[in-house]
Amino acid sequence: MSFWIIVIALLALLAYVRLAPVDAARWHAGAEGQKMGKSQGANSFIWRAPVDGDGAERLAELDAVIRATPRTEQIAGSLDAGQVTYVTRTKLMGYPDFTTIGLYGDDPRYLEVYGRSRFGRSDLGVNAKRIEGWLARIEAR
């Protein structure tokens with residue numbers, strides 16, 4: 001009997017992780033003054049770099065690379081607004097990781113990529129690896 005209770009509890013947890021609604025307003029935000037690299041208990045990763053001009057072309061390149069990532073969809077924002085947020089789910093468990101890209105500041109303008117996990121205290125470096133992979137693809141172009 002206790003075996004089936006455990007199985008049902010695990011299935012309920014998996015269903016919650018995969019089916020819980022996404023509050024786009026909560027996740028559609030830049031890193032706002034946080035330091036680059038790992039932060040917030042190692043469940044997020046922030047990358048920033050100055051861009052020449054208005055940076056719209058660079059933002060569009062990054063958007064195209066992110067949209068080509070499996071199990072990734074846009075949840076808020078737009079390129080025209082200068083900030084876009086995506087959710088990427090892990091293949092096996094469906095854990096959601098949120099990434100916001102945007103152009104911030106005036107002179108110089110900065111391109112910022114802010115990835116963070118919804119669940120847990122550590123993402124085991126998944127967000128950093130994903131973001132660095134996206135940036136490497138852009139640099140290779």
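Residues are listed down the side, and each one gets a yes or a no for (1) under 24 Å from A25 (Cβ atoms); (2) in contact with a helix residue (DSSP H, G or I) (Cβ under 7 Å, 6 or more places away or on another chain):
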site	(1), (2)
D54	no, no
R58	no, no
E61	no, yes
A76	yes, yes
T85	yes, yes
D97	yes, yes
I101	yes, yes
G105	yes, no
Practice problem: Could you check, for region 78-92, whether at least one of its residues is among the hydrophobic types (A, V, I, L, M, F, W, C), out of contact with any Gly (no Cβ under 8 Å at 6 or more places or on another chain), open to solvent by 40 Å² or more (accessible area, probe 1.4 Å) and over 22 Å from D123 (Cα atoms)? | Solution: yes
Practice problem: Check region 95-114 and report whether any residue there is of a type in the set (A, V, I, L, M, F, W, C), out of contact with any Lys or Arg (no Cβ under 9 Å at 6 or more places or on another chain) and farther than 22 Å from D54 by Cα. | Solution: no
Self-check item: Single residue of region 87-124 satisfying the filter (among the acidic types (D, E) and without any contact (Cβ under 8 Å) to a residue 40 or more places away in the chain) that is nearest to I66 (Cα to Cα)
Solution: D97
Quiz item: What tally of residues in region 93-130 results from selecting those that are surrounded by 21 or more Cβ atoms within 10 Å (Cβ to Cβ), among the aliphatic types (A, V, I, L, M) and in a helix (DSSP H, G or I)?
Solution: 0
Self-check item: Unique match (being closer than 18 Å to R109 by Cβ, of a type in the set (A, V, I, L, M, F, W, C) and loosely packed, with under 15 Cβ neighbours inside 10 Å) among A49, A31, A20
Solution: A49
Quiz prompt | Long-range neighbours under 9 Å by Cβ, at least six apart or interchain, first residue closer than 18 Å to A81 by Cβ within region 6-35, second basic (K, R) and part of a loop (DSSP other than H, G, I, E, B) | solution = W27/R118
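The values are calculated or read from the model by the stated rules, or taken from the named source; none is laboratory data. None of the values given here were measured: they were computed from a predicted structure. Don't worry about glycine lacking a Cβ; one is built from the backbone with ideal geometry, like all the others, and counts go over all protein chains shown. Calculation scope for accessible area: heavy atoms of the full protein, side chains included, ligands and nucleic acids excluded. Shrake-Rupley method; radii C 1.70, N 1.55, O 1.52, S 1.80 Å.
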